[in-house]
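Engineer: Got a structure for you, written out below as structure tokens; questions coming shortly.
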Amino acid sequence: MKSCWNSRLSELLKVGTFLAAVVCAVHLTAFAQFSPPEKTAGGGGDDSYLFPIGPGIPNTLSGTMGELRATHFHAGIDIRTNNMVGLPVVAVQDGFVSRVVMSSFGYGKVIYLTHTDGMTSVYAHLDGIKGKLGEYVRQEQYTARSFEKDIQFKPGQFRVKRGDTIAISGNTGSSNGPHLHFEIRDPQNRAINPLRMGFKEISDDLAPIVQKVALRTLSIQSRVNDRFGRHEFYVVRKSSNEYVLPAPIFAHGRIGLELLAYDKLVKDHYRCGINYIEVWADSQRVFNQKIEEVDFENTRDIVALMDFKTMVTRGNRFNKLYIADGNRLPYYDPQLGNGEIVMKDRDIPVRIRLTDSFGNRTTVNLTLRPDQPVTEVPLLEPMKKEIEYDLIDNTLMVAQKPCGNQNALKVFTRQGQFEITPTYYNQNRWVYLINLQQHLPDSVSGCGGSVELLLRDRVPSGSSYDYYSDKVDIHFPDRALYDTVFLKVDHRLAGGREVFTVGTRTTPLKRSARVLLKAEVPETDREKYAVYRVQGNGLDYEGGTWLGNGIQFFTRELGDFTIARDDLKPVIFKISISNSSARLRIRDRQSGIAKYEATINGEWLLMNYDYKTGILQSERLDRSKPLKGDFVLNVTDNAGNVATYQQRIP
């Protein structure tokens with residue numbers, strides 16, 4: 001064994017790859033309960049933290065702590081395993097197993113170790129858990145008759161030493177590919193940046209990369225290049241760590257900056273997050289964002305840090321370089337204000353500096369040039385529709401094609417109607433701005449046509465709110481909103497089904513809203529019906545509970561919903577069944593899988609489930625005992641439809 005390790009390590013040093021070393025490491029540790037601590041790995045003494053994959057061997061990351069995900073901050077680092085499953089995962093320091101979670105989703109199979117210094121290390125997306133601990137977890141699953149299990153441990157129950165092999169890496173849960181998600185949490189359960197531990201295995205000499213800068217008007221009077229709204233600009237790269245906007249941007253009023261950027265540790269396709277961003281305007285520092293820890297209590301508040309609407313509609317995660325209303329995150333210097341730039345009567349040079357966890361820096365330089373608003377704007381693009389609208393913060397922006405001399409727009413509200421003329425225009429479009437804090441239009445009409453806005457009320461962000469109608473009731477609990485919401489509600493028939501509009505999907509929620517959709521479905525038939533989110537031509541299951549004259553559900557994502565029936569059974573595909581294991585794939589075409597249960601000769605059989613692939617894999621309590629006899633698998637969807645697969649294993 002030692003000669004295998006020495007020869008592999010020699011290859012590693014010669015070719016500079018990680019793969020050769022870990023192949024041998026898997027062979028050495030695959031059947032060990034805990035391997036001996038590696039004394040020379042990690043670049044420090046026994047008090048330092050070991051790297052959890054191949055300590056002492058150079059590696060790279062596919063994700064860093066604090067990077068922007070759709071609805072949360074990434075709380076750790078993603079350690080690459082060369083797209084392999086089965087590498088040994090070692091304890092980074094002495095301690096004890098405090099928790100193990102087995103789940104089909106999220107972190108998948110995950111181990112929590114609590115250490116003598118009070119810190120907790122987290123190892124997620126594991127393929128398997130080693131030795132006596134793995135046997136104990138499997139016994140708990142059999143006792144509960146469930147793959148899904150959250151187990152808390154006493155401090156002395158399973159002790160580990162620095163360097164012990166505790167698991168093998170995998171691709172379980174919501175992982176998008178084989179890797180180890182690794183976290184370090186402080187005694188208050190806040191995730192801190194693992195790279196602060198000084199792991200020698202990870203290096204980085206690449207500066208962050210910038211793609212775009214966006215400027216946003218923060219009041220109805222503000223303008224960017226004579227226009228209202230949000231406007232994106234590509235940057236020009238001058239060197240490896242410097243970008244510029246070559247021409248000044250004309251601006252007026254209160255302006256907010258946004259940035260689309262990412263970091264790389266090596267020259268590959270992985271895009272990581274940036275922990276430190278600073279902004280100077282007119283030589284004064286006006287913004288400082290520092291992400292060094294993630295509090296799981298407010299990780300969803302990332303939707304206030306990003307431009308949420310752009311992320312939902314286009315998938316781009318722009319980092320706001322100002323503190324928007326509703327952003328309560330602790331990542332900013334309170335002495336600098338909210339980061340917005342107020343235009344003056346002279347050019348304002350702006351410098352943005354990005355710094356990664358290794359101190360590599362990138363700067364972006366641009367100039368804002370003062371410009372008073374004008375009514376005739378040369379550069380307004382042609383319109384594709386006769387009339388269209390958009391809600392931007394507290395402003396309704398309506399545009400219509402020019403159509404003769406009748407440029408007035410009629411605005412209809414509950415209190416009456418009035419007319420407005422274009423705020424600015426050219427030969428391609430007329431643009432109208434309406435302050436929604438003053439007027440809440442039901443519809444607008446012009447020579448280009450009319451638009452029904454369906455705005456029913458203003459929902460304040462600071463208190464609970466209830467909306468009632470013939471078709472939809474909505475309850476927003478206290479502190480559910482980040483900012484005032486102009487609530488859009490509608491009920492219509494579309495594509496042969498009822499569609500209920502409850503707000504817009506570009507409105508982020510901090511807490512779930514309670515919604516009651518009212519529909520006439522016989523009580524004897526209701527178990528087959530549920531709420532679904534309308535996603536283009538498809539439906540996503542939301543669930544719900546029937547109460548009186550409607551079905552109630554909770555959601556943190558607003559949009560269009562419908563009530564649909566599911567009579568389709570799940571589908572079961574056999575992959576392989578033998579005396580050693582049973583492997584099958586399951587799927588459901590509408591409401592989704594609710595539960596599954598397998599038995600062998602009537603005795604419950606553990607099935608590991610990977611929802612990404614739909615694969616179920618059997619695991620006996622006594623692994624030496626073959627599968628033999630009558631195998632039965634029942635799969636139930638969320639509408640109660642059941643599919644059964646049976647086979648006798650000789």
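The values are calculated or read from the model by the stated rules, or taken from the named source; none is laboratory data. This is a predicted model, so every value here is computed, not measured. All Cβ positions, glycine included, derive from the backbone under ideal geometry; neighbour counts span all protein chains shown.
Engineer: Can you tell me which of Asn601, Asn579, Asn634 is surrounded by 15 or more Cβ atoms within 10 Å (Cβ to Cβ) and polar (S, T, N, Q)? Don't jump to the end; show me each part of the working.
Structural biologist: Values: Asn601 fails: surrounded by 15 or more Cβ atoms within 10 Å (Cβ to Cβ); Asn579 fails: surrounded by 15 or more Cβ atoms within 10 Å (Cβ to Cβ).
From the options Asn601, Asn579, Asn634, the qualifying one is Asn634.
Engineer: Pairs, please: C-beta under 9 Å, at least 6 apart or cross-chain, first residue in contact (Cβ under 8 Å) with a residue 60 or more places away in the chain and part of a strand (DSSP E or B) and in the stretch 632-650, second surrounded by fewer than 17 Cβ atoms within 10 Å (Cβ to Cβ) and among the acidic types (Asp, Glu)?
Structural biologist: Taking only residues 6 or more apart or on different chains, the pairs are Leu633/Glu597; Val635/Glu597; Thr636/Glu597; Gln647/Asp630; Ile649/Asp630.
Engineer: Mind listing whichever residues of the stretch 503-553 are hydrophobic (A, V, I, L, M, F, W, C), assigned to a loop (DSSP other than H, G, I, E, B) and within 24 Å of Leu487 (Cα to Cα)? Spell out how you get there, then give the answer.
Structural biologist: Narrowing the stretch 503-553 to residues hydrophobic (A, V, I, L, M, F, W, C): 509, 513, 515-517, 519, 521, 530-531, 534, 539, 546-547, 551, 553.
Subset that is assigned to a loop (DSSP other than H, G, I, E, B): 519, 521.
Ala519 - this is the single residue of the stretch 503-553 that is hydrophobic (A, V, I, L, M, F, W, C), assigned to a loop (DSSP other than H, G, I, E, B) and within 24 Å of Leu487 (Cα to Cα).
Engineer: Given the options Arg317, Arg328, name the one that is over 23 Å from Phe250 (Cβ atoms), of a type in the set (D, E, K, R), out of contact with any strand residue (DSSP E or B) (no Cβ under 7 Å at 6 or more places or on another chain) and in a loop (DSSP other than H, G, I, E, B). So that I can check it myself, show each step before the final result.
Structural biologist: Working: Arg317 fails: out of contact with any strand residue (DSSP E or B) (no Cβ under 7 Å at 6 or more places or on another chain).
Residue meeting the stated conditions: Arg328.
Engineer: Quickly run through the stretch 203-226 and pick out the residues that are of a type outside the set (Val, Ile, Thr), under 17 Å from Lys320 (Cα atoms) and under 27 Å from the mean Cα position of the chain (by Cα). Write out each step before concluding.
Structural biologist: We begin by selecting, within the stretch 203-226, every residue of a type outside the set (Val, Ile, Thr); these are 203-208, 211-212, 214-216, 218-219, 221-223, 225-226.
Filter once more, so that each one left must be under 17 Å from Lys320 (Cα atoms): 208, 211-212, 214-216, 218-219.
Residues satisfying the conditions are Pro208, Gln211, Lys212, Ala214, Leu215, Arg216, Leu218.
Engineer: Right, something else. Of everything in the stretch 198-211, what is in a strand (DSSP E or B) and surrounded by fewer than 17 Cβ atoms within 10 Å (Cβ to Cβ)? Give them in sequence order. Please lay out each step first, then the result.
Structural biologist: Filtering the stretch 198-211 down to residues in a strand (DSSP E or B) leaves 209-211.
Gln211, the sole residue that qualifies.
Engineer: Out of Tyr541, Tyr467, Tyr532, I need the residue that is surrounded by 15 or more Cβ atoms within 10 Å (Cβ to Cβ), touching a Phe, Trp or Tyr at 6+ places or on another chain (Cβ under 9 Å) and in contact (Cβ under 8 Å) with a residue 60 or more places away in the chain. Which one?
Structural biologist: Values: Tyr467 fails: in contact (Cβ under 8 Å) with a residue 60 or more places away in the chain; Tyr532 fails: in contact (Cβ under 8 Å) with a residue 60 or more places away in the chain.
Result: Tyr541 is the single residue among Tyr541, Tyr467, Tyr532 that is surrounded by 15 or more Cβ atoms within 10 Å (Cβ to Cβ), touching a Phe, Trp or Tyr at 6+ places or on another chain (Cβ under 9 Å) and in contact (Cβ under 8 Å) with a residue 60 or more places away in the chain.
Engineer: How do the strands (runs of 3 or more DSSP E) wholly within the stretch 111-192 filter down when requiring 2 or more residues that are in contact with a helix residue (DSSP H, G or I) (Cβ under 6 Å, 6 or more places away or on another chain) and not hydrophobic (A, V, I, L, M, F, W, C): which remain? Before the answer, list the steps.
Structural biologist: Working: elements: 120-129, 149-152, 165-169, 179-185, 190-192.
In the stretch 111-192, no matching strands (runs of 3 or more DSSP E) lie anywhere.
Engineer: From Leu260, Leu245, Leu195, Leu265, grab the single residue that is on the phi < 0 side of the Ramachandran plot and surrounded by 21 or more Cβ atoms within 10 Å (Cβ to Cβ). Steps first, answer last, please.
Structural biologist: Details: Leu260 fails: surrounded by 21 or more Cβ atoms within 10 Å (Cβ to Cβ); Leu245 fails: surrounded by 21 or more Cβ atoms within 10 Å (Cβ to Cβ); Leu195 fails: surrounded by 21 or more Cβ atoms within 10 Å (Cβ to Cβ).
After applying the criteria, what remains is Leu265.
Engineer: Test of understanding: among Ser169, Ser174, which residue is in contact with a Pro (Cβ under 8 Å, 6 or more places away or on another chain), closer than 26 Å to Arg69 by Cβ and in the same structural domain as Pro52 (by TED's automatic domain parsing)?
Structural biologist: Values: Ser174 fails: in contact with a Pro (Cβ under 8 Å, 6 or more places away or on another chain).
After ruling out the rest, the residue left standing is Ser169.
Engineer: Can you pull out every residue in the stretch 279-306 that is at pLDDT 90 or above and either in contact with a His (Cβ under 8 Å, 6 or more places away or on another chain) or among the β-branched types (Val, Ile, Thr) (or both)?
Structural biologist: Val279, Val286, Ile291, Val294, Ile302, Val303
Engineer: Further question on the same structure: Identify all residues within the stretch 507-518 that are buried (at least 17 other Cβ atoms within 10 Å of the Cβ) and either under 20 Å from the mean Cα position of the chain (by Cα) or under 20 Å from Gln590 (Cα atoms) (or both); write none if there are none. Let's see the steps before the verdict.
Structural biologist: Kept after step one, since they are buried (at least 17 other Cβ atoms within 10 Å of the Cβ), are these residues of the stretch 507-518: 507-510, 513, 515-518.
Once the filter is applied, which keeps residues that are buried (at least 17 other Cβ atoms within 10 Å of the Cβ) and either under 20 Å from the mean Cα position of the chain (by Cα) or under 20 Å from Gln590 (Cα atoms) (or both), the stretch 507-518 yields Thr507, Pro508, Leu509, Lys510, Ala513, Leu517.
Engineer: Against the definition (without any contact (Cβ under 8 Å) to a residue 12 or more places away in the chain and farther than 19 Å from Asn394 by Cα), how does Arg492 come out, yes or no?
Structural biologist: Values: without any contact (Cβ under 8 Å) to a residue 12 or more places away in the chain: yes; farther than 19 Å from Asn394 by Cα: yes.
The answer is yes for Arg492.
Engineer: Still on this structure: Tally time: how many residues in the stretch 345-370 are assigned to a loop (DSSP other than H, G, I, E, B) and either free of Cβ contacts under 8 Å to residues at least 40 places away in the same chain or in contact with a Phe, Trp or Tyr (Cβ under 6 Å, 6 or more places away or on another chain) (or both)? Before the answer, list the steps.
Structural biologist: Looking only at the stretch 345-370, we keep the residues that are assigned to a loop (DSSP other than H, G, I, E, B), and these are 345-347, 356-360.
Restricting the remaining residues to those that are either free of Cβ contacts under 8 Å to residues at least 40 places away in the same chain or in contact with a Phe, Trp or Tyr (Cβ under 6 Å, 6 or more places away or on another chain) (or both) gives 345-346, 359.
Going through the stretch 345-370 one residue at a time, the tally reaches 3.
Engineer: Can you find a residue in the stretch 349-356 that is touching a Cys at 6+ places or on another chain (Cβ under 9 Å), surrounded by 18 or more Cβ atoms within 10 Å (Cβ to Cβ) and more than 30 Å from Tyr432 (Cβ to Cβ)? Give the derivation first.
Structural biologist: Within the stretch 349-356, the first condition is being touching a Cys at 6+ places or on another chain (Cβ under 9 Å), and the residues that meet it are 356.
From what's left, surrounded by 18 or more Cβ atoms within 10 Å (Cβ to Cβ): 356.
Those still in the list that are more than 30 Å from Tyr432 (Cβ to Cβ) too: 356.
Looking through the stretch 349-356, at least one residue is touching a Cys at 6+ places or on another chain (Cβ under 9 Å), surrounded by 18 or more Cβ atoms within 10 Å (Cβ to Cβ) and more than 30 Å from Tyr432 (Cβ to Cβ).
Engineer: Still on this structure, I have one more. For the stretch 484-502, how many residues meet the condition of being of a type in the set (S, T, N, Q) and assigned to a strand (DSSP E or B)? Please lay out each step first, then the result.
Structural biologist: Initial filter on the stretch 484-502 (of a type in the set (S, T, N, Q)): 484, 501.
Going one step further and asking which of them are assigned to a strand (DSSP E or B), we end up with 501.
Qualifying residue count for the region: 1.
Engineer: Could I ask something else about it? Please determine, by comparing only the residues of the stretch 559-576 that are farther than 29 Å from Lys471 by Cβ and not hydrophobic (A, V, I, L, M, F, W, C), which one is surrounded by the most Cβ atoms within 10 Å (Cβ to Cβ). Don't jump to the end; show me each part of the working.
Structural biologist: Taking the stretch 559-576 as the starting set, the residues that turn out to be farther than 29 Å from Lys471 by Cβ are 569-576.
Cutting the leftovers down to not hydrophobic (A, V, I, L, M, F, W, C) gives us 569-570, 574, 576.
Numbers: Lys569: 16, Pro570: 23, Lys574: 12, Ser576: 10.
Per the stated criteria, the residue is Pro570.
Engineer: Further question: Scan the stretch 116-132 and give yes if some residue there is charged (D, E, K, R), in contact with a Lys or Arg (Cβ under 8 Å, 6 or more places away or on another chain) and not assigned by TED's automatic domain parsing to the domain that holds Asn634, otherwise no.
Structural biologist: Applying the first criterion (charged (D, E, K, R)) to the stretch 116-132 yields 117, 127, 130, 132.
The next check asks that each one be in contact with a Lys or Arg (Cβ under 8 Å, 6 or more places away or on another chain); those that pass are 127.
Narrowing further to those that are not assigned by TED's automatic domain parsing to the domain that holds Asn634: 127.
For the stretch 116-132, residues charged (D, E, K, R), in contact with a Lys or Arg (Cβ under 8 Å, 6 or more places away or on another chain) and not assigned by TED's automatic domain parsing to the domain that holds Asn634: present.
Engineer: Which condition number does Leu627 fail, the rest of (1) over 30 Å from Gly134 (Cα atoms); (2) not in a strand (DSSP E or B) being met?
Structural biologist: The number of the failed condition is (1).
Engineer: If I ask for residues that are without any contact (Cβ under 8 Å) to a residue 40 or more places away in the chain and outside any strand (DSSP E or B), which ones from the stretch 578-592 would you list?
Structural biologist: From the stretch 578-592, those without any contact (Cβ under 8 Å) to a residue 40 or more places away in the chain are 583, 585, 587, 589; that's our starting set.
Across the stretch 578-592, the qualifying residue is only Arg589.
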